[in-house]
Amino acid sequence: MIRRNLTLLGATGTIGMNTLDVVAMYPELFRVVALTGQNQVERLATQCRQFKPRYAVVLDESRAQELRHLLADTETEVLCGEHALEEVASLPEVDTVMAAIVGAAGLKPALAAARAGKRILLANKETLVMAGRFFMQAVRRGGATLLPIDSEHNAVFQCMPDAYSGDLAAHGVHRILLTASGGPFRTRPVETLAAVTPAEAVAHPNWVMGRKISVDSATMMNKGLEVIEAHWLFNARADQIEVVIHPQSIVHSMVEYLDGSVLAQMSNPDMRTPIAHALAYPDRIAAGVPRLDLPRIGQLTFEAPDTRRFPCLALAYQALAAEGGAPTVLNAANEVAVEAFLGHRIPYPAIAETLSHCLERLAGRTAGELADLVAIDQEARLVAEAYIARR
Ligand code: NDP
Ligand code: MG
């Protein structure tokens, strides 16, 4: 296997830490060149001591000072600001970039990696939801390679034919089946959802994840974002992407071919599996994940999603069908609404209501260039904040 030089954007998050777990198993294969974080400066300092990157990046100057102090006796240079994130994502000595910042903040550094022709391990799905067309264009023009980390898309990637060209029909693919666990509220009586607390919403039954994506999983907005993500990654139309609830989270997604064959990727629900897959691709390495014990699991079950329980999923299909700026509006409004819910400023059902309001208010926004999308993103945040403030 080729030795790889890595930049890890969002090293201090859940995906970042899982990535470093795998990287630590193979010091001869992976060299860490840069690590980035935002608030968790001490964790970042500990990671720098272990992996000895050339650069560490945080967003603001006061955190940079703190980090410089913590790393004073090391070789790691501390950089600061948004621009520094783009810089470490496109360094000539780096060949692989893990994009694991959460939210729209991950877009610019991921774009920088695409333009610089890197091998991009993409966890930050918001990049594709917010600016799928532009990001995919940057990947093509920059000669970058895109490997999905999101477990569903990584599963689809593994079940697709080799050298998939972006044309489902040409490869005999009928459709993509994205699995969803259904989250913590799959069986909770719908009339009690108004009383859901942030603590209940972030307690996912199968996965340990950051707070934002955990709430997204509870509302199934996460699956909605993933439908849009799959649309861009595999050039699939909305009617070629179906969501199936699978509470055990063992089948991570499937590809159905014209002849009726359905290929599935299975593993324990542990992000180190897709991370190790993408880190080593096209080779395979051990991920430190326990082997799948099917007799112990016993049953794999599947059901159709109930859009009354999960209105956010329907809103995502609606945004994808509307095209233009609608997915950008959806993503921005969702970030604002989730933050407000986590801060006890709105009840759980108001997340979907905020999204619905913003999509309606900002319907028909189009984007000729990336700057338009950034403006739509900002406008949607203001509209969402105003809606939340007066409800
Ligand atoms: P976390 O919240 O755990 O981590 C987010 C990371 O981004 C942290 O390193 C954080 O720094 C950093 N960060 C947060 N805000 C900013 C900002 N404005 N600018 C720069 N850096 C920032 O999230 P996850 O690891 O769970 O998720 C990361 C991405 O991966 C998300 O897009 C998510 O949707 C996707 N994903 C996650 C999965 C999972 O299992 N966790 C599965 C599939 C996809 P700090 O913590 O130091 O503040
Ligand atoms: Mg996922």
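The values are calculated or read from the model by the stated rules, or taken from the named source; none is laboratory data. Because the structure is a prediction, the values reported are computed rather than measured. Virtual Cβ from ideal backbone geometry, glycine too; neighbours counted across all protein chains shown. All accessible areas refer to the heavy atoms of the entire protein, side chains included, with ligands and DNA or RNA removed. Shrake-Rupley method; radii C 1.70, N 1.55, O 1.52, S 1.80 Å.
Examine the range 122-139 for a residue that is within 9 Å of ligand 1 (Cβ to nearest atom) and surrounded by fewer than 21 Cβ atoms within 10 Å (Cβ to Cβ), and state whether such a residue exists. Give the steps one after another, and end with the answer.
In the first step, residues of the range 122-139 are kept if they are within 9 Å of ligand 1 (Cβ to nearest atom); the result is 122-127.
Within this subset, residues satisfying the condition of being surrounded by fewer than 21 Cβ atoms within 10 Å (Cβ to Cβ) are none.
Among the residues of the range 122-139, not one is within 9 Å of ligand 1 (Cβ to nearest atom) and surrounded by fewer than 21 Cβ atoms within 10 Å (Cβ to Cβ), which makes the answer no.
Only one of Arg308, Arg381 is open to solvent by 30 Å² or more (accessible area, probe 1.4 Å) and assigned to a helix (DSSP H, G or I); which?
Details: Arg308 fails: assigned to a helix (DSSP H, G or I).
Answer to the selection: Arg381.
Does the range 335-354 include one or more residues that are hydroxyl-bearing (Ser, Thr, Tyr), part of a loop (DSSP other than H, G, I, E, B) and in contact (Cβ under 8 Å) with a residue 12 or more places away in the chain? Outline the logic, then answer.
Residues of the range 335-354 hydroxyl-bearing (Ser, Thr, Tyr): 348, 354.
Now drop any that are not part of a loop (DSSP other than H, G, I, E, B), which leaves 348.
Restricting the remaining residues to those that are in contact (Cβ under 8 Å) with a residue 12 or more places away in the chain gives 348.
Yes, the conditions are met somewhere in the range 335-354.
Which condition number does Leu71 fail, the rest of (1) in contact with a Cys (Cβ under 6 Å, 6 or more places away or on another chain); (2) free of Cβ contacts under 8 Å to residues at least 24 places away in the same chain being met?
Going through (1) in contact with a Cys (Cβ under 6 Å, 6 or more places away or on another chain); (2) free of Cβ contacts under 8 Å to residues at least 24 places away in the same chain one by one, Leu71 breaks only (2).
Among the residues of the range 360-373, write down those that are assigned to a helix (DSSP H, G or I) and either surrounded by fewer than 20 Cβ atoms within 10 Å (Cβ to Cβ) or at positive phi (or both).
If the condition is that a residue be assigned to a helix (DSSP H, G or I) and either surrounded by fewer than 20 Cβ atoms within 10 Å (Cβ to Cβ) or at positive phi (or both), then Glu360, Arg361, Leu370, Ala371, Asp372 are the ones that fit.
Which is in a helix (DSSP H, G or I), within 16 Å of ligand 2 (Cβ to nearest atom) and under 22 Å from the mean Cα position of the chain (by Cα), of Val102, Val156, Val139? Spell out how you get there, then give the answer.
Details: Val102 fails: in a helix (DSSP H, G or I); Val139 fails: within 16 Å of ligand 2 (Cβ to nearest atom).
Selected residue: Val156, the only one of Val102, Val156, Val139 that is in a helix (DSSP H, G or I), within 16 Å of ligand 2 (Cβ to nearest atom) and under 22 Å from the mean Cα position of the chain (by Cα).
Please state which one of Ala116, Ala163, Ala112, Ala169 is more than 16 Å from ligand 2 (Cβ to nearest atom) and at pLDDT below 95.
Details: Ala116 fails: at pLDDT below 95; Ala112 fails: at pLDDT below 95; Ala169 fails: at pLDDT below 95.
Among Ala116, Ala163, Ala112, Ala169, only Ala163 is more than 16 Å from ligand 2 (Cβ to nearest atom) and at pLDDT below 95.
If I ask for residues that are under 19 Å from the mean Cα position of the chain (by Cα) and β-branched (Val, Ile, Thr), which ones from the range 254-288 would you list?
Matches in the range 254-288: Thr273, Ile275.
What are the pairs, 6+ residues apart or on separate chains, where a residue within the range 214-226 that is of a type in the set (Lys, Arg) has its Cβ under 6 Å from a residue that is within 9 Å of ligand 2 (Cβ to nearest atom) and not in a helix (DSSP H, G or I)?
Here the result reads Lys223/Ala180, each pair linking the range 214-226 to a residue that is within 9 Å of ligand 2 (Cβ to nearest atom) and not in a helix (DSSP H, G or I).
Taking Ile297, is it farther than 11 Å from Leu177 by Cα and either touching a strand residue (DSSP E or B) at 6+ places or on another chain (Cβ under 9 Å) or within 16 Å of ligand 2 (Cβ to nearest atom) (or both)?
Answer is no for this residue.
Do we find that Pro282 is open to solvent by less than 50 Å² (accessible area, probe 1.4 Å), out of contact with any helix residue (DSSP H, G or I) (no Cβ under 9 Å at 6 or more places or on another chain), outside the structural domain of Leu107 (by TED's automatic domain parsing) and assigned to a loop (DSSP other than H, G, I, E, B) in this structure? Steps first, answer last, please.
Details: open to solvent by less than 50 Å² (accessible area, probe 1.4 Å): no; out of contact with any helix residue (DSSP H, G or I) (no Cβ under 9 Å at 6 or more places or on another chain): yes; outside the structural domain of Leu107 (by TED's automatic domain parsing): yes; assigned to a loop (DSSP other than H, G, I, E, B): yes.
Taking the combined requirement at face value, the residue does not satisfy it.
Kindly indicate whether Pro27 is in a loop (DSSP other than H, G, I, E, B), free of Cβ contacts under 8 Å to residues at least 60 places away in the same chain, open to solvent by 40 Å² or more (accessible area, probe 1.4 Å) and under 24 Å from Thr273 (Cβ atoms).
On the way: in a loop (DSSP other than H, G, I, E, B): yes; free of Cβ contacts under 8 Å to residues at least 60 places away in the same chain: yes; open to solvent by 40 Å² or more (accessible area, probe 1.4 Å): yes; under 24 Å from Thr273 (Cβ atoms): yes.
So Pro27 fits the description; yes.
When the range 142-153 is examined, which residues are found to be within 16 Å of ligand 2 (Cβ to nearest atom) and β-branched (Val, Ile, Thr)?
Ile149
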